[in-house]
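A short write-up of the structure that comes next.
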Amino acid sequence: MILIKCPYCGERDHSEFSYGGDASIIYPSLDAPQEEWVKAIFFRENIKGIQKETWQHINGCRMWLEVERSTITHEITSIKPCHKNLQKVIDN
Amino acid sequence: MSSQRIDNFGKINREKQFRFSWENKNYFGYEGDSLASALLANDIRIVGRSFKYHRPRGIMSCGVEESGGLVTIGTGNKKDPNVRATSQELYEGLIASGQNAFPSVNFDLGSVNNYLSRFFAAGFYYKTFMGIPPFEWGKGTAVWMFFEKFIRKAAGMGRVSRLPDPDIYEHANDFCDILVVGSGPAGIAAAKEAADKKLDVILVEQDNFIGGDQLSETSFDSNNALAELRSLGVRVMKRTTAFGLYDNCVLGLIERVKDQSNPINKELPKQRFWIVRAKHVIIGSGAFERHIAFNNNDVPGSMTVNASKHYLNRYGVLTGKNIVISTNNDSAYGTAEALVKAGAKVIVLDNRENLNSNLTNNNFEVRNGVVPYNINGTREIKSLDIADSVNLTYKKIDTITCDQVLMSGGWSPAVHLLSHRGVKPKWNSENQCFIPDKAKENITMIGSARGIWGKDDCTASGIAGALDALNRLGISKTNYFFPKQGGWKNSIEPLYEVKYKKSRSKSFVDFQHDVTCDDVRLAHREGFISVEHLKRYTTLGMANDQGKMGNIIGLSLMADLLGKEIPDVGTTTFRPPFTPVSIGALAGRSVGKHFMPLRTTPMHQWNLNNGATMIDAGLYQRPWYFPKKNETINDAYIREAAKVRKTVGICDVTSLGKIAIQGPDSTEFINRVYSNAFAKLPINKTRYGIMLRDDGLVLDDGTCWRISETEYFMTTSTAQAGRVMAFLEELLQVRWPDLKVNVTSVSEQWGVAAISGPKTREVLDECLEDSSVISNDNLPYMGFISANLKGGIPCKIARISFSGELGFEIYILADYANKMMDILWNSAKKFDGCLYGLEALGALRVEKGHVTGAELDGRTTIDDVGLGKMASNKKSYVGSAMRKRGVLSAEDREKLVGFFPVNKKYTFDSGTIICEKNNIKGFGIGRVTSVTHSPELGHWIGLGFIKGGVEKWKNTIVIGSDPIRNKEMEIQVVSPHMIDPQGKRLHA
């Protein structure tokens, strides 16, 4: 029963969202060598503590969010749109 | 024991009698009774049989901690097993029976187990697998498989009904500022204090009366207390259990709304499952009184001390005449006074030798330094052997004739809800109990749940709890303090087990699961010394009551064996639910056809009106086949598929995913997403495309249309529509924020019909205002145009075919979909056409070797399904690097092929394993994924995979093995393109 404060829609139940994955991955360019892709796709840290992850507000505004969540307490410490320009759009 | 209703005691309504049935006999109780109190009032002692040994069990407590009085309520489809008689409200016409007994709880053949008990010690299940020493006779799977059905039959308590549950359950949500759990003195004080500060307060009480332990006081009036709370604006929820506490102060509640007998309010649900979000949770869930382990402490008539006071002062039932109370703390003395006042003869055994403070008015005998040693009697208590507790070397000193033994081994705060939040309780040796630790979240523990025993202290702690909540919510800033834990005049002295001298004692730790002190010692001897192992090996603290009474005794025994203190042994974690929750309540209204939401296409009703039998495809319902009179599904789809190849057919294909893609960088975007080339797709052309996942496996296939320089229209498969949409959004928002592209799901906005077959042009000639727009020159294969249906209805027509015949897909605004179907069908009828469904669609595509979800199952690559040549070598796209991984391009990968039965009369099923001749074993060398009857070829055909593909196996005979259906047959491997491999028909 996590509450996620969508920057666009406000505070909502996590059942409106769908979990994406590890937000700390920097995806290689499409023409990058296979080794880089293997690293990005298959290797994950198993973090105990604050973890950066993506969530999509799938039953809401459909925005992809970057969420910092504690894997121990579920406490969420930061939420922002993944798209770098979207926050500016919302603020305006 | 002889229990009976007595005059002038209790708060039951003696004006209103209820008739109820117990074990097929009728009895009477009163309004305000629980089933347990009504049974006791009728002097019914044995209410059940124990789990393993089938020993007679009676009522042992007065609340949710009950581990003896588990009964079955109701009959037929309203049967509810393992209900605690102590928390079941009595109602008119209630039907209850005992369980785990044959033929009855009074005479149970299973009680032979009691004499075989040495074979049923802790871990006997596991030991069964190891065989019987010295030769490990019976070791191994086969023997276990044989015995399993008998053990399974013997295990468990009540039997659940196998009929559908006729009752309604509801889900509901609510919000409040402060939610208070429990309506004891602490809970009521907290609710009042918070409501006084104008906060929105919900008070939750699992009982049908509020008051908690005060219900056992003669002076307490529950109705007055309720009225007062309501007048302050507190929302009181009775008969409601807070079963779980979750993140962000979310509580799961179960409200018991309607009893089974109530015929008046048919619309009311039986139970309501509430999800309540509070800003702060105050928990006054009370404490559970523990029993004491000594030999035969389970004989009907043994009970916790405080329970007996509740039965007397709440229900007017005196539970015994000659009562022995055994205690190690002060709390039992109040009960002793009350019982004496009601006319019972009482002797108190107190293991403490010297008491600083006098606790009695000399109305009853107190024997200090004495403990219970052994109960004599099996079906009822005849007498109690007592022992000297000096130096803990228990020596039998006397026998007391009695009909009831009450036990108080101390109190355990109900820290369950806090434990759900991962806050471990800490041991308080002064009070011999685990008390709650401070929570970081907005949760405050009050009253005896905090380890505070005195009533006034509990009230004070409730007020302090409310102020604590107000402070932490930033509403006010008031100084407050919690009263100190404890509150007895004389300190408690540990008393967990009175060791029995003879071997094979039956000193029960956990009544419900028949776990004895010897079982705990056996677990220790066999190395299961951590509490978590102890729990799983002995089943101590499992099941219905989750060890609410016995857990601490088990821990103390283990601590003793290990030479440690209780806190060093630790405690198991309590997890939701606090008390059992019925599956029906969790399911709510999501049953039957409301199990999942239904998506319909805009021509759903049209399909039904025209005779469609529907099938679930994800959340959608799609036409499956259109049976004529007396046709089976096979008759119908074979006829439909044949018609499409011969004349013309129409099919609703609206459920495909549809995505509008717009923006200046759309072409770049499309080109990165699809594995095949898209950069040079001309306007008004559409192309079949395959998308890969990041890991190089196939995600989905579909078509993509170029509408203008900067605008595309994408279709996806029905199953992957949602996933593809979310993936495109992820790519644009997370990975490629520089691309100026917008994607919009337009799946619901369009209705789509596929029309295909050699007569398609004739049909459309009649349907379009200007049929020249679809001429071969104007609309070549894979082109699309805008057109008008007759009546000026605009539509888009794409020349796409899934069936392999000349075919078009007609896209129309959803609101006009029914009209479109009318127009098309009226024309098609004249050309001997048909409506066809998903089954015929499947037959047609299998004949052509087109893949769908059965083949694109998330394990296959683009090369596996024979489409590797489509993938571009000139560009990079999602999955392009990863699809070349070694494992994905290995020589022996399973590749798409077609299958024919060698004997053309036979068929095979999807899932059949393909093996080499004379080598039928294991996973084989391939599998069958789709099977259909081909009207064109006149026999059954299949698609599937085989290691090495067509190149290696073409025309070879292999074996199709189907061990589940016990079938084996010869199958010929053929090309997956089983009809018109050159695609001449498409271009007609």
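Looking only at region B:653-670, filter to residues that are under 40 Å from the mean Cα position of the chain (by Cα) and in a loop (DSSP other than H, G, I, E, B); which one of those is surrounded by the most Cβ atoms within 10 Å (Cβ to Cβ)?
The extreme case among them is B:654.
Hey, among B:667, B:654, which residue is over 23 Å from residue B:870 (Cα atoms) and either at pLDDT 95 or above or away from chain A (no Cβ under 14 Å) (or both)?
Selected residue: B:654, the only one of B:667, B:654 that is over 23 Å from residue B:870 (Cα atoms) and either at pLDDT 95 or above or away from chain A (no Cβ under 14 Å) (or both).
Considering only residues that are assigned to a loop (DSSP other than H, G, I, E, B) and touching a Leu at 6+ places or on another chain (Cβ under 7 Å), look in region B:196-217 and name the one that is farthest from residue B:454 (Cα to Cα).
Per the stated criteria, the residue is B:197.
Give the residue that is farthest from residue B:728 (Cα to Cα), with candidates limited to residues of region B:634-652 that are surrounded by 22 or more Cβ atoms within 10 Å (Cβ to Cβ) and among the hydrophobic types (A, V, I, L, M, F, W, C).
Among those that are surrounded by 22 or more Cβ atoms within 10 Å (Cβ to Cβ) and among the hydrophobic types (A, V, I, L, M, F, W, C), it is B:636.
What are the residues in region A:22-47 that are more than 9 Å from chain B (Cβ to nearest Cβ), within 17 Å of the chain's Cα centre (by Cα) and of a type outside the set (A, V, I, L, M, F, W, C), if any?
Residues satisfying the conditions are A:22, A:24, A:44, A:45, A:46.
Restricting region B:239-253 to residues that are away from chain A (no Cβ under 13 Å) and under 10 Å from residue B:417 (Cβ atoms), which is surrounded by the most Cβ atoms within 10 Å (Cβ to Cβ)?
B:242
Against the condition under 23 Å from residue B:303 (Cα atoms) and buried (at least 22 other Cβ atoms within 10 Å of the Cβ), how does residue B:2 come out, does it pass?
No, not satisfied.
Testing residue A:2 on (1) more than 15 Å from residue A:69 (Cβ to Cβ); (2) surrounded by 15 or more Cβ atoms within 10 Å (Cβ to Cβ), one condition comes back false. Which one is that?
Of (1) more than 15 Å from residue A:69 (Cβ to Cβ); (2) surrounded by 15 or more Cβ atoms within 10 Å (Cβ to Cβ), only one is false for residue A:2: (1).
Residues of region B:771-804 being within 30 Å of residue B:846 (Cβ to Cβ) and not in a strand (DSSP E or B), which ones?
Selection gives B:774, B:776, B:779, B:780, B:781, B:782, B:799, B:800, B:801, B:802, B:803, B:804.
Which residue, of B:846, B:851, B:865, is β-branched (Val, Ile, Thr), more than 14 Å from every other protein chain (Cβ to nearest Cβ) and assigned to a helix (DSSP H, G or I)?
Just a single option satisfies the conditions, and that option is B:846.
Kindly evaluate residue A:87 against the criterion of being more than 8 Å from every other protein chain (Cβ to nearest Cβ) and modelled with pLDDT under 95.
So residue A:87 fits the description; yes.
May I ask you to verify whether residue B:611 is under 15 Å from residue B:716 (Cα atoms), more than 14 Å from chain A (Cβ to nearest Cβ) and surrounded by fewer than 18 Cβ atoms within 10 Å (Cβ to Cβ)?
In short, no.
For residue B:638, are the conditions met, namely being assigned to a helix (DSSP H, G or I), within 44 Å of the chain's Cα centre (by Cα) and free of Cβ contacts under 8 Å to residues at least 60 places away in the same chain?
no
In this structure, is residue B:412 within 41 Å of the chain's Cα centre (by Cα) and part of a strand (DSSP E or B)?
For residue B:412, the condition - within 41 Å of the chain's Cα centre (by Cα) and part of a strand (DSSP E or B) - is met.
Restricting to region B:53-85, count the residues that are more than 16 Å from residue B:306 (Cα to Cα), surrounded by fewer than 24 Cβ atoms within 10 Å (Cβ to Cβ), of a type outside the set (Ser, Thr, Tyr) and out of contact with any Leu (no Cβ under 6 Å at 6 or more places or on another chain).
9
Here is a yes/no grid of residues against (1) aromatic (Phe, Trp, Tyr); (2) part of a loop (DSSP other than H, G, I, E, B):
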position: B:8; (1), (2): no, yes
position: B:11; (1), (2): no, yes
position: B:14; (1), (2): no, no
position: B:18; (1), (2): yes, no
position: B:27; (1), (2): yes, no
position: B:36; (1), (2): no, no
position: B:40; (1), (2): no, no
position: B:45; (1), (2): no, yes
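Being buried (at least 24 other Cβ atoms within 10 Å of the Cβ) and either among the aromatic types (Phe, Trp, Tyr) or out of contact with any Ser or Thr (no Cβ under 8 Å at 6 or more places or on another chain) (or both) is the filter here; which residues of region B:347-373 pass it?
Selection gives B:373 alone.
Residues that are aromatic (Phe, Trp, Tyr), touching a Cys at 6+ places or on another chain (Cβ under 9 Å) and more than 8 Å from every other protein chain (Cβ to nearest Cβ): does region A:63-82 have at least one?
No; the residues of region A:63-82 include none that is aromatic (Phe, Trp, Tyr), touching a Cys at 6+ places or on another chain (Cβ under 9 Å) and more than 8 Å from every other protein chain (Cβ to nearest Cβ).
Restricting to region B:871-892, and then to whatever is among the hydroxyl-bearing types (Ser, Thr, Tyr) and in a loop (DSSP other than H, G, I, E, B), can you tell me which residue is nearest to the other protein chains (Cβ to nearest Cβ)?
Among those that are among the hydroxyl-bearing types (Ser, Thr, Tyr) and in a loop (DSSP other than H, G, I, E, B), it is B:876.
Does residue B:581 meet the test of being touching a residue at least 12 places away in the same chain (Cβ under 8 Å), of a type in the set (A, V, I, L, M) and farther than 30 Å from residue B:286 by Cα?
Answer is no for this residue.
Being of a type in the set (Asp, Glu) and either crowded, with 18+ Cβ neighbours inside 10 Å or in contact with a strand residue (DSSP E or B) (Cβ under 6 Å, 6 or more places away or on another chain) (or both) is the filter here; which residues of region B:797-835 pass it?
Hits for region B:797-835 are B:805, B:809.
Which condition from (1) surrounded by fewer than 16 Cβ atoms within 10 Å (Cβ to Cβ); (2) within 16 Å of the chain's Cα centre (by Cα); (3) closer than 13 Å to residue A:8 by Cα is the one that residue A:19 breaks?
(3)
Return the residues of region B:695-731 that are within 11 Å of chain A (Cβ to nearest Cβ), under 18 Å from residue A:17 (Cα atoms) and not charged (D, E, K, R); say none if nothing qualifies.
B:722, B:725, B:726, B:727, B:728, B:731
Within region B:904-951, how many residues are acidic (Asp, Glu) and over 30 Å from residue B:838 (Cα atoms)?
Selection size over region B:904-951: 2.
So in region B:732-760, with the set limited to residues that are within 14 Å of chain A (Cβ to nearest Cβ) and assigned to a strand (DSSP E or B), which one is farthest from residue B:856 (Cα to Cα)?
B:742
Identify, by number, the condition in (1) in contact with a helix residue (DSSP H, G or I) (Cβ under 7 Å, 6 or more places away or on another chain); (2) within 17 Å of residue B:729 (Cβ to Cβ) that residue A:16 doesn't meet.
Exception for residue A:16: condition (1).
Could you please find all residues in region B:276-285 being over 19 Å from residue B:255 (Cα atoms) and either within 14 Å of chain A (Cβ to nearest Cβ) or not in a strand (DSSP E or B) (or both)?
Correct list: B:279 only.
Scan region B:380-409 for residues that are over 30 Å from residue B:182 (Cα atoms) and assigned to a loop (DSSP other than H, G, I, E, B) and jot them down.
B:380, B:381, B:382, B:389, B:393, B:394, B:402, B:403
Just checking, how many residues over region B:914-929 are part of a strand (DSSP E or B), in contact with an Asp or Glu (Cβ under 9 Å, 6 or more places away or on another chain) and surrounded by fewer than 20 Cβ atoms within 10 Å (Cβ to Cβ)?
1
The values are calculated or read from the model by the stated rules, or taken from the named source; none is laboratory data. Here the structure is a predicted model, which means the values were calculated and not measured. Positions of Cβ are backbone-derived with ideal geometry, glycine not excepted, and every protein chain shown enters the neighbour counts.
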